[in-house]
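The values are calculated or read from the model by the stated rules, or taken from the named source; none is laboratory data. Predicted model, so just to flag it, every value in this text is computed and none were measured. Neighbour counts run over all protein chains shown; Cβ positions are idealised from the backbone, glycine included. In case anyone asks, the SASA skips ligands and DNA or RNA and just uses the protein heavy atoms, side chains included. Shrake-Rupley method; radii C 1.70, N 1.55, O 1.52, S 1.80 Å.
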Amino acid sequence: MLFNTNEVRARAADFAREWKDACYERGEAQSFYNDFFDVFGVKRRRVATFEEPVRRLGDKRGFIDLFWKGMLLVEHKSAGKDLVRAKEQALDYFPHLKAEELPRHILVCDFQHFELFDLEGDAAKPVKFKLADLPKHVEAFNFIRGLEKREFKDQDPVNIKASELVGALHDALEAIGYKGHDLERFLVRIVFCLFADDTGIFDPRGILEDYLTNRTNEDGSDTGTKLLELFDVLNTPETERQKTLDEDLQQFPYVNGELFAEPLRPPAFNRTMREQLLEACAFSWSVISPAIFGALFQSVMDAAERRRKGAHYTTELNILKLIRPLFLDRLRADFEEIKARKGVDRRNKLAAFHDRLAGLTFFDPACGCGNFLIITYRELRRLEIELLKEIYPSGQQVLDVTKLSKLDVDRFYGIEIEEFSARIAETAMWMMDHIMNNELSLAFGQTYARIPLTKSASIRQADALEIDWASVLPPETCSYVFGNPPFGGAKFQTDEQRAQVRRIANLGGTGGTLDFVAAWFLKAGAYIAPKDCSAEIAFVATNSITQGEQVAQLWPLLFSRYGLEINFAHRTFAWGSDARGKAHVHVVILGLSKRAYEWAEKRLFSYDDIN
């Protein structure tokens with residue numbers, strides 16, 4: 001049950017009164033934590049286990065009092081016992097936990113005193129309080145409700161573990177002959193459901209794992225058909241469902257978004273495959289990054305590539321190198337200028353700035369799994385939350401949070417040649433939308449889940465060099481064209497790719513030495529050429545287009561044919577991740593717009609160490 005913060009506080013007060021006399025660890029601890037989780041509308045058994053066996057220092061074995069993998073470890077003592085020693089005991093377990101199991105939070109408690117440590121925040125400053133003061137501190141436990149703001153890490157092992165879990169299921173399904181379009185659609189749905197089950201989209205949390213554990217045969221014989229039944233329920237409004245529908249299915253929400261609309265063949269699960277799916281259910285999906293996981297998830301289609309562990313994703317830092325000078329820095333500067341204003345005009349300016357944010361559109365014509373779109377959406381939603389705090393500085397609790405945000409995923413467009421990647425991008429955008437709705441909920445003390453899905457990012461599956469980009473997004477309504485188009489020097493292009501570049505460059509018999517990425521610059525220049533289009537362009541590119549013989553072929557076309565000029569640029573630096581097996585590519589980033597656009601400054605970024 002999703003409660004707002006005031007409701008949680010009231011339930012916490014009832015809990016504190018109920019347990020004010022508790023003191024004996026063994027006799028009452030488990031009932032204490034069952035009731036504690038219930039304060040937040042979460043059934044403890046859906047997320048955490050008691051007495052989890054694990055080694056401690058040396059060969060000594062111990063039992064974690066309560067363990068929520070990846071999220072929370074509790075060491076509980078009888079009233080009056082030493083909580084400093086309790087924390088030391090909790091930390092003794094860490095060396096023997098898997099990387100993806102390491103909890104973000106440690107709670108030590110003796111019934112009457114709580115100490116909560118955030119290991120990703122300032123662990124030296126725990127939240128300490130007495131049981132009677134729990135209502136004042138419920139927001140410290142927002143992670144139980146799925147309302148935790150997280151700073152995702154590029155190299156976080158949980159993202160790799162998540163992709164491996166999905167990869168194992170993919171390989172098993174493919175081995176039995178469940179392949180192609182149905183397999184791709186099936187896996188994307190499964191990932192969304194796993195994420196939804198852990199983050200509050202499905203309410204109460206953990207109902208997917210319960211359904212699969214209790215309503216499917218242990219030999220897996222009916223798992224595939226039971227999942228298709230679930231998909232049908234997720235695609236059916238509650239008012240249109242059959243009255244005799246299984247109660248376990250009836251509690252799932254209507255999701256829509258066309259994610260579950262298409263009929264699929266039922267996959268023939270066996271015992272091992274069911275166990276793989278249940279293992280994925282037990283994983284903490286609330287900690288994965290949609291931006292990074294999307295690219296990792298793509299690698300499940302090739303087991304050999306997956307073993308390189310993350311070689312395919314673009315780091316968030318590099319994405320920010322492009323979107324900050326393209327639009328984010330200017331938006332933030334304008335916001336700070338408005339914040340500094342005084343008088344009645346300030347609120348009007350803030351409201352107008354909000355409308356300006358809501359009116360922006362973003363187009364990535366080589367979007368892959370949507371990394372650029374996802375990070376852009378997150379940054380804009382965070383800017384919007386800051387803006388809303390300025391517009392509504394007081395009385396936040398009485399506001400209807402569902403009516404505050406004006407930004408949604410339908411302002412984002414992309415082209416992707418691979419269907420699987422296109423569907424991942426759409427789904428990852430919904431996942432990021434939910435994460436940002438949680439952050440909005442945290443800021444305004446209410447719980448907000450945007451279900452059913454009524455809007456989606458528009459990702460066209462097509463060859464971006466063969467279709468008219470205006471059919472995806474009319475240029476006069478586009479604000480920014482950006483992304484990381486595929487690399488490929490002239491010597492490494494296929495005959496078809498080389499022909500595409502020559503056709504788009506339209507240089508007669510020449511143009512055969514242009515890198516593949518040059519075609520995206522030229523298509524973008526033609527796309528924003530209409531007079532009523534004020535869109536700006538920024539792409540990552542191989543640095544060879546800015547040196548040698550390609551300069552004389554490409555840049556006169558961009559400058560003269562399309563009237564573009566460079567607004568900002570990053571000189572050569574290494575692009576990629578630090579993941580094992582990743583070969584660095586040396587790139588530049590170039591931002592361009594039509595000369596009619598008024599710029600306050602040009603920006604050039606240089607790097608002493610390009611490796």
Solvent exposure ordering (accessible area, 1.4 Å, most first) of LYS81, LYS531, LYS136, LYS523 = LYS531, LYS136, LYS81, LYS523
Quick numbers on segment 104-241, Rg and Dmax over C-alpha atoms in Å, give 19.8, 59
Long-range amide H contacts for LEU72: which residues qualify at under 5 Å (H placed 1.01 Å from N, peptide plane, sequence gap of 5 or more or a different chain)?
-> ARG104, HIS105
Using Cα-only point scatterers and the Debye equation, what is log10 of I(q)/I(0) for segment 444-485 at each q in 0.18, 0.21, 0.27, 0.35 Å⁻¹, rounded to two decimals?
-> -0.73, -0.85, -1.12, -1.33
Treat segment 1-102 as a sphere of radius equal to its Kirkwood radius over Cα pairs and apply Stokes-Einstein at 10 °C in a medium of 1.306 mPa s; give the translational diffusion coefficient in µm²/s, rounded to a whole number.
-> 106 µm²/s
Order of 65-72, 243-250 by packing, highest average Cβ count within 10 Å first?
-> 65-72, 243-250
For LYS339 and ALA124, calculate 0.36 nm times their separation in residues minus their Cα-Cα distance, and state this gained length in nm to one decimal.
-> 74.1 nm
Can you give the angle from 0 to 90° between the axis of helix 518-527 and the longest principal axis of the chain, with both taken from C-alpha atoms, to the nearest 10?
-> 80 degrees
Counting DSSP beta bridges with both ends in the chain, the antiparallel % (nearest 5) | 60 percent
So how do PHE605, PHE252 rank on accessible area, 1.4 Å probe, biggest first, that is with the largest at the start?
-> PHE605, PHE252
Using a Förster distance of 30 Å, the FRET efficiency for ARG45-ASP232 (Cβ separation, nearest 0.05) | 0.65
Descending principal axes extents, segment 160-236, alpha-carbon based, whole Å = 34, 29, 25
Take the Cα atoms of the chain, find their three principal axes, and give me the spread along each one in whole Å, biggest first.
-> 85, 68, 57
Surface accessible to a 1.4 Å probe, ARG561 within the full protein complex, Å² | 100 Å²
Would you check the accessible area of CYS23, probe 1.4 Å, heavy atoms only, in square angstrom rounded to 10?
-> 70 Å²
Averaged per residue, what accessible area in Å² does the chain show with a 1.4 Å probe, protein chains only?
-> 42 Å²
Segment 331-454: mean projected area of Cα convex hull, nm² = 7.9 nm²
Please report, in debye to the nearest 20, how large the charge dipole of segment 67-194 is about its Cα centre when each Lys and Arg carries +1 at its beta carbon and each Asp and Glu carries -1 there.
-> 400 debye
Can you work out the FRET efficiency for the pair ASP400 and ASP82, with r the C-beta to C-beta distance and R0 = 56 Å, to the nearest 0.05?
-> 0.75
Relative contact order of the chain, pairs being alpha-carbon contacts under 8 Å that are 6 or more residues apart, as % | 11 percent
For the residue pair ASN270 and SER471, what label-to-label distance in nm results when each label sits 7 Å from Cα along the Cα-to-beta-carbon direction?
-> 4.4 nm
How large are Rg and Dmax for segment 385-440 when only the alpha carbon atoms are used, in Å?
-> 15.2, 48
Relative to the present Cα-Cα distance, how much length would full extension add between GLN30 and GLU279 at 0.36 nm per residue of separation?
-> 87.2 nm
Going by accessible area, probe 1.4 Å, with all protein chains left in place, what is the ranking of VAL551, VAL39, largest first?
-> VAL551, VAL39
Crossing angle, helix 495-505 versus the chain [Cα axis fit, 0-90 degrees, rounded to tens] = 70 degrees
Out of TYR607, LEU383, CYS109, whose Cα points farthest toward the positive end of the dipole of the chain (charges: +1 Lys, Arg; -1 Asp, Glu; placed on Cβ)?
-> TYR607
Two decimals is fine: what's Rg over Rh for segment 245-298, C-alpha atoms, Kirkwood radius as Rh?
-> 1.01
How high is the FRET efficiency between SER534 and LYS243 when r is their beta carbon distance and R₀ equals 51 Å, given to the nearest 0.05?
-> 0.40
For the chain, give the magnitude of the charge dipole about the Cα centre (Cβ charges: +1 Lys/Arg, -1 Asp/Glu; no others), in debye to the nearest 20.
-> 1380 debye
With +1 on the Cβ of every Lys and Arg and -1 on the Cβ of every Asp and Glu, the dipole magnitude of segment 361-422 about its Cα centre, in debye rounded to the nearest 20, is 340 debye
If you roll a 1.4 Å probe over the chain with all protein chains in place, what percent of the accessible area is carbon or sulfur?
-> 49 percent
Say each of ARG346 and LYS179 gets a label point 7 Å from the Cα, pointing the same way as Cα to Cβ; how far apart are those two points in nm?
-> 6.5 nm
Contour minus end-to-end for GLN112 and ALA132, with contour as 0.36 nm per residue of separation and end-to-end as the Cα-Cα distance?
-> 6.4 nm
Please go through the residue pairs LYS406/LYS531; LYS43/LYS130; LYS349/LYS602; LYS179/LYS226; LYS349/LYS403 and name each one whose alpha carbons sit more than 25 Å apart in this structure.
-> LYS406/LYS531; LYS349/LYS602
